[in-house]
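Okay, so here's the structure we're looking at.
The values are calculated or read from the model by the stated rules, or taken from the named source; none is laboratory data. Only a predicted model underlies this, so the values are computations on that prediction, with no experimental measurement involved. So basically every Cβ, Gly included, is an ideal-geometry build from the backbone, and we count neighbours across all protein chains shown.
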């Protein structure tokens, strides 16, 4: 809407604003966690996801996106 002159401001993501050559003012930082029940941690499908999240290649790609931090990507923050 902003790119077409239909609005002066809107909520959105930095990569989208960047793709449309728009200015971006961050309002907050949001952390997104993947929660996996302990009884599913040994599931091969879950292991594939965790392996990708913990890989250097994925974190390197993520760091190329404007506004995304890969500092805690793939880290286990709690176990129950």
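The table that follows gives values for the structure above.
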read-out	value
Residue list for region 6-33, filter: touching a helix residue (DSSP H, G or I) at 6+ places or on another chain (Cβ under 8 Å) and loosely packed, with under 10 Cβ neighbours inside 10 Å	23, 26
Qualifying positions in region 35-80 - outside any loop (DSSP other than H, G, I, E, B) and either surrounded by fewer than 10 Cβ atoms within 10 Å (Cβ to Cβ) or in contact (Cβ under 8 Å) with a residue 12 or more places away in the chain (or both)	38, 39, 44, 45, 49, 50, 53, 54, 56, 57, 58, 59
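Let's see how each residue does on (1) outside the structural domain of residue 5 (by TED's automatic domain parsing); (2) farther than 30 Å from residue 1 by Cβ:
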| site | (1), (2) |
| --- | --- |
| 26 | no, no |
| 36 | yes, yes |
| 43 | yes, yes |
| 48 | yes, yes |
| 54 | yes, yes |
| 63 | yes, no |
| 66 | yes, no |
| 72 | yes, yes |
